[in-house]
Amino acid sequence: MKNIGVLTSGGDSPGMNSAIRAVARTCAHYDIKCTGIVRGFQGLIENNTKVLYTRSVRGIINRGGTFLYSARSDEFKTKEGRKQAFKTIKENEIDGLVVIGGDGSFTGGLIFMEEHNIPVVGIPGTIDNDLYGTSHTLGYDTALNTATEAIDKIRDTAISHHRLFLVEVMGRDAGFIALNTGLAIGAQEILIPEVNMSIDNLINSLKRSKSAGKTSTIIVVAEGDKTGNNVFQLADTIEEKLPRYEVRVSVLGHMQRGGSPSCFDRVLGTQTGITAVESLINNEKGIMIGINNGKINKTELSKAIKGKTKINQELLRMSKIMNT
Ligand code: F6P
């Protein structure tokens, strides 16, 4: 390995900068050139690169977003696009590639590796936490704290007005953010794509909470949950069936992807960035560098993508106990 490329792809997440910094500085430590690729796989197609020295990555560990920028590249999904991207690899004499991203980015990275025989190592970077082989993805911890803080604020106004709030948090296909923030803020119910909660069950739960004397209520809804199609329709249905409830909807949206990374995400980015470079040096490829019980865990990229981490159903059960 004389030159290692690094890119961030797909939805950005807090902690990506920490991983980029670790990759660049570990390369410097081992006297390897580090090539940063700007705007993910799209930048690889467009030969948009810059050399990363130790000092190039100073002052970024505490910054949200990604200093290399990110993109979702449709062109890279085509054979022609990947051929063009490989030209950049050749021209810049890149020997191995670190891909920081989620499910879609790893799928692209894996195909690229198989087609062009370039070693690829992945670092899990997504707030959704939906990759197998790691208890945490970069940005997940920060997003949990951001969402929790935001919902605490919503609770203040919910209490003042005796209202029911449906708060939608991110998670297109996964309920990790909803489940944990739901438990943290004391939600009446938590709706996630992995578990089908019928409208009838939800209505019964709300009736129970009213008769138990609750004056304000928060329901946390994962973006990908399908109870009532979407959060706004769900609000209409509740108001129809329970006219005594004054319902409001709040969609937290992309604010959950921003902000300064938590201590946990900075440490995780550092650990995974260093290990990614060392893995490439040791001729390992096609793996994702994750973490389990505080220890580095390596998983084949193909498994990380397909075998989704199971949601902790026990947390749902506990949430119900808290709301009896
Ligand atoms: O980063 C993952 C994610 O946060 C999903 O939960 C969400 O659906 C998606 O990104 C939205 O991202 P974008 O607006 O960038 O397409």
On a full-extension model of 0.36 nm per residue, what is the gain between K295 and N282, subtracting their alpha-carbon distance, rounded to one decimal in nm? 2.8 nm
The stretch 141-257: relative contact order as a whole-number percent, Cα under 8 Å and 6+ apart: 39
Which residue fluctuates most in the GNM of the chain (Cα springs below 10 Å): S262, S73, S211? S211
What trypsin sites (Lys or Arg not before Pro) in the stretch 24-96 are in a loop by DSSP, with at most 14 other Cβ atoms within 10 Å of the Cβ? R58
Which FRET efficiency, nearest 0.05, do D31 and M322 yield, Cβ-Cβ r, R0 56 Å? 0.55
Charges on Cβ only, +1 for Lys and Arg, -1 for Asp and Glu, centred on the Cα centroid of the stretch 141-257; of A147, M170, S198, which one is farthest towards the dipole's positive end? S198
Counting only heavy atoms of protein chains, what accessible area per residue, in Å², does the chain have with a probe of 1.4 Å? 45
The chain: Rg to Rh, with Rh as the Kirkwood radius over Cα pairs: 1.05
Just T227, T146, T137 to compare: in a GNM of the chain, with alpha carbon springs under 10 Å, which one fluctuates most? T227
With springs only between Cα atoms under 10 Å, which of F232, F165, F67 fluctuates most in a Gaussian network model of the chain? F232
In the chain the accessible area split gives carbon plus sulfur, as whole percent at 1.4 Å, a share of 49
Does the stretch 141-257 come out rounded, prolate or oblate, given a ≥ b ≥ c as the square roots of the eigenvalues of its C-alpha gyration tensor, rounded meaning a/c under 1.5 and, failing that, prolate meaning a/b above b/c? oblate
Could you grab the relative contact order for the chain? Cα pairs under 8 Å, six or more apart, rounded to a whole percent. 24
Place a +1 charge on the Cβ of each Lys and Arg in the stretch 141-257 and a -1 charge on the Cβ of each Asp and Glu, then give the dipole magnitude about the Cα centre in debye, rounded to the nearest 20. 400
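The values are calculated or read from the model by the stated rules, or taken from the named source; none is laboratory data. All values derive from a computational prediction rather than experimental measurement. FYI the Cβ positions are ideal-geometry reconstructions off the backbone, even for glycines, and counts take in every protein chain you see. To get the accessible areas, we keep the full protein, side chains included, count just its heavy atoms, and leave off ligands, DNA and RNA. Shrake-Rupley method; radii C 1.70, N 1.55, O 1.52, S 1.80 Å.
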